[in-house]
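Data first, discussion second: the structure below is written as structure tokens.
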Amino acid sequence: MNSCSDILSTVGYDSIIQHLNNGRKNCKEFEDFLKERASIEEKYGKDLLNLSRKKPCGQSEINTLKRALEVFKQQVDNVAQCHIQLAQTLREEARKMEEFREKQKLQQKKTELIMDAAHKQKSLQFKKTMDAKKNYEQKCRDKDEAEQAVHRSANLVNPKQQEKLFVKLATSKTAVEDSDKAYMLHVNTLDKIREEWQSEHIKACQVFEAQECERINFFRNALWLHMNQLSQQCVTSDNMYEEVRKSLEMCSIEKDIEYFVNQRKTGQTPPAPIMYENFYSPQKNAAPPGKATGPNVARRGPLPVPKSLPGDPDYSLIGDYSLIYQ
């Protein structure tokens with residue numbers, strides 16, 4: 001009975017199929033991972049692009065630092081574009097993984113159809129063989145009973161009953177021979193089907209092994225390529241950031257300050273000091289308040305005392321006045 005159970009068992013085959021299905025599931029999980037990573041990269045790239053193009057960053061700087069900031073904004077823009085491009089690359093890799101997974105699924109399905117037919121044929125023939133065996137065993141028991149009946153009727157004087165028992169014994173012997181032949185025929189057929197199934201099983205295992213080797217190799221290479229793409233993204237970004245560092249090296253504090261001075265200078269002469277002017281002794285050619293009368297004029301000389309000329313009215317000095325309080 002154990003051998004019968006073993007010949008119908010598909011535990012080993014089912015285990016292989018389950019392993020292959022799990023392998024394709026793992027490929028699908030990596031495929032989904034790539035798609036999700038692509039979405040993240042794309043969103044990051046677009047956000048970085050908006051930041052670079054819309055957010056001001058030192059927009060009022062001048063000269064060399066201004067040029068460095070322009071390089072900085074441009075390289076941030078370039079890095080953003082690289083992340084968007086990486087997202088497209090990752091989606092392409094996910095598509096390749098999907099195509100590979102579907103191709104293996106079709107290959108496995110072809111072999112599974114052959115093996116399912118072999119299992120079905122083996123199971124059907126096994127059932128026929130077991131039915132033939134039961135029929136053969138029953139015919140043998142019928143023959144044994146007929147023989148015992150003949151022996152028991154040896155002392156009977158009724159020849160008609162004895163003849164009837166002999167006919168039944170002969171018929172049972174013929175039935176045993178026929179059932180034996182049918183049983184042997186089914187056993188031989190089952191053995192041929194078993195050999196065919198075993199041959200197909202070996203072929204299926206070879207196909208599945210090659211398929212699994214291909215899958216592991218493809219998965220490994222896909223993961224390796226993914227790491228290379230991420231590393232290349234870092235290298236590319238660092239090269240772009242290096243351009244910013246180079247532009248910062250060209251930044252000169254002295255040049256920027258000198259540039260500002262040259263652009264905004266108002267002259268080399270400082271404004272003259274505001275001098276005291278006596279209300280009662282105005283100067284005829286006095287310079288307007290805040291205007292220098294000459295270079296580096298620090299102090300005005302003593303006020304001149306006007307002299308009366310013939311025909312001119314007398315000048316009055318402040319000393320000639322007195323306050324009268326009433």
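Things to note:
- Residue-normalised convex hull volume from the C-alpha trace of region 1-160: 135 Å³ per residue.
- Taking θ as phi - 60° and the Karplus parameters 6.51, -1.76 and 1.60, the scalar couplings of region 211-226 work out to 5, 5, 4, 4, 5, 4, 5, 5, 4, 4, 5, 5, 5, 4, 4, 4 Hz in sequence order, x denoting glycine and proline.
- Exposure of Met250 as accessible area (Å², to 10), given a probe of 1.4 Å and all protein chains: 140
- Backbone phi angles across region 260-273, fed through the Karplus curve with coefficients 6.51, -1.76 and 1.60 (θ = phi - 60°), yield HN-Hα couplings of 4, 4, 5, 7, 10, 5, 10, x, 9, 9, x, x, 5, x Hz in residue order; Gly and Pro are listed as x.
- Inter-label distance, nm, simple model (7 Å from Cα along the C-beta direction), Asn217/Cys205: 2.2
- The residue among Val244, Gln206, Leu165 whose Cα reaches farthest toward the positive pole of the charge dipole of region 128-254, with charges on the beta-carbon of Lys, Arg, Asp and Glu, is Leu165.
- Rounded to whole numbers, the Karplus 3J(HN,Hα) couplings from phi for region 235-243 are 5, 4, 4, 5, 4, 5, 5, 5, 4 Hz, using 6.51 cos²θ - 1.76 cosθ + 1.60 with θ = phi - 60°, and x at Gly and Pro.
- Less than 5 angstrom separates the built amide H of Met275 from those of Gly290, all sequence-distant by 5 or more or on a different chain.
- Cα coordinate range in region 1-69, projected on the principal axes (Å, largest first): 95, 18, 9
- Region 164-213, accessible area per residue, ligands and nucleic acids excluded (1.4 Å, Å²): 67
- Share of Cα-Cα pairs in region 159-287 lying beyond 21 Å, as whole percent: 81
- Charge sum, other residues only, whose C-beta stays under 12 Å from Leu49's C-beta, Lys/Arg counted +1 and Asp/Glu -1: +3
The values are calculated or read from the model by the stated rules, or taken from the named source; none is laboratory data. Because the structure is predicted, anything quoted here is derived from the model rather than measured. Positions of Cβ are backbone-derived with ideal geometry, glycine not excepted, and every protein chain shown enters the neighbour counts. In case anyone asks, the SASA skips ligands and DNA or RNA and just uses the protein heavy atoms, side chains included. Shrake-Rupley method; radii C 1.70, N 1.55, O 1.52, S 1.80 Å.
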